[in-house]
């Protein structure tokens, strides 16, 4: 626990597997994928599904193509650089991708592509902060905490709904 603030959690079914969602009263602090390293609850966490009605609703709307940008409170901790990268990452439009180098430039550190990759890898709330939209400079998919197959599914889902909205 940070600042001795209680952490609550729940699970939700999704097209990319059963997600673990955790939050403090100040906002969502974790979304974890079944294959991810962060997919574990701590002994002092309390399961409280009713605290997650809005996050689950918004995530379901995202997976259904009805929501392009989240409006949830997020409880982020980290350095100034980490927060800057995560804030810039939230500006990457639905259905679009950006390279680590491009993201580093937008965050004001054009030579910090590797550091941006490290921030991306430690993103505590993927999907809401769309780290799946970051790709290699060669256009290839690179690491993702939930597995490359999940990253590919999330990008394909966004492309599908963009295409459907164009029709």
Out of (1) outside the structural domain of residue 140 (by TED's automatic domain parsing); (2) touching a strand residue (DSSP E or B) at 6+ places or on another chain (Cβ under 6 Å); (3) without any contact (Cβ under 8 Å) to a residue 60 or more places away in the chain; (4) within 20 Å of residue 144 (Cα to Cα), the one residue 56 does not meet is (4)
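Return yes or no: is residue 125 under 19 Å from residue 68 (Cα atoms), in contact with a helix residue (DSSP H, G or I) (Cβ under 8 Å, 6 or more places away or on another chain), surrounded by 21 or more Cβ atoms within 10 Å (Cβ to Cβ) and touching a residue at least 40 places away in the same chain (Cβ under 8 Å)?
Considered against the rule, which asks whether it is under 19 Å from residue 68 (Cα atoms), in contact with a helix residue (DSSP H, G or I) (Cβ under 8 Å, 6 or more places away or on another chain), surrounded by 21 or more Cβ atoms within 10 Å (Cβ to Cβ) and touching a residue at least 40 places away in the same chain (Cβ under 8 Å), residue 125 comes out as no.
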Given the conditions (1) crowded, with 17+ Cβ neighbours inside 10 Å; (2) over 19 Å from residue 156 (Cα atoms); (3) in the same structural domain as residue 152 (by TED's automatic domain parsing), report the number of the one that residue 23 does not fulfil. (3)
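For segment 86-111, what are the residues that are assigned to a helix (DSSP H, G or I) and over 16 Å from residue 68 (Cβ atoms)?
In the first step, residues of segment 86-111 are kept if they are assigned to a helix (DSSP H, G or I); the result is 86-89, 100-106.
Residues satisfying the conditions are 86, 87, 88, 100, 101, 102, 103, 104, 105, 106.
Residue by residue, here is whether (1) buried (at least 16 other Cβ atoms within 10 Å of the Cβ); (2) under 16 Å from the mean Cα position of the chain (by Cα); (3) assigned by TED's automatic domain parsing to the domain that holds residue 28; (4) modelled with pLDDT under 90 holds:
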site: 89; (1), (2), (3), (4): yes, yes, no, no
site: 98; (1), (2), (3), (4): yes, yes, no, no
site: 106; (1), (2), (3), (4): yes, no, no, no
site: 117; (1), (2), (3), (4): yes, yes, no, no
site: 136; (1), (2), (3), (4): no, no, no, yes
site: 142; (1), (2), (3), (4): yes, yes, no, yes
site: 145; (1), (2), (3), (4): yes, yes, no, yes
Subset of segment 74-109 that is without any contact (Cβ under 8 Å) to a residue 24 or more places away in the chain and in contact with a helix residue (DSSP H, G or I) (Cβ under 6 Å, 6 or more places away or on another chain) - its residue that is nearest to residue 29 (Cα to Cα): 88
Among (1) surrounded by 13 or more Cβ atoms within 10 Å (Cβ to Cβ); (2) free of Cβ contacts under 8 Å to residues at least 60 places away in the same chain; (3) farther than 21 Å from residue 24 by Cβ - the single one residue 65 does not satisfy: (2)
Pairs with Cβ under 8 Å, 6+ apart, first in segment 147-167 and outside any helix (DSSP H, G or I), second modelled with pLDDT under 90 and surrounded by 12 or more Cβ atoms within 10 Å (Cβ to Cβ): 147/35; 147/36
Taking segment 40-53 and keeping only residues that are loosely packed, with under 13 Cβ neighbours inside 10 Å and not in a loop (DSSP other than H, G, I, E, B), one is left with 46, 47, 50, 53
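The values are calculated or read from the model by the stated rules, or taken from the named source; none is laboratory data. These figures come from a predicted structure and were not determined experimentally. All Cβ positions, glycine included, derive from the backbone under ideal geometry; neighbour counts span all protein chains shown.
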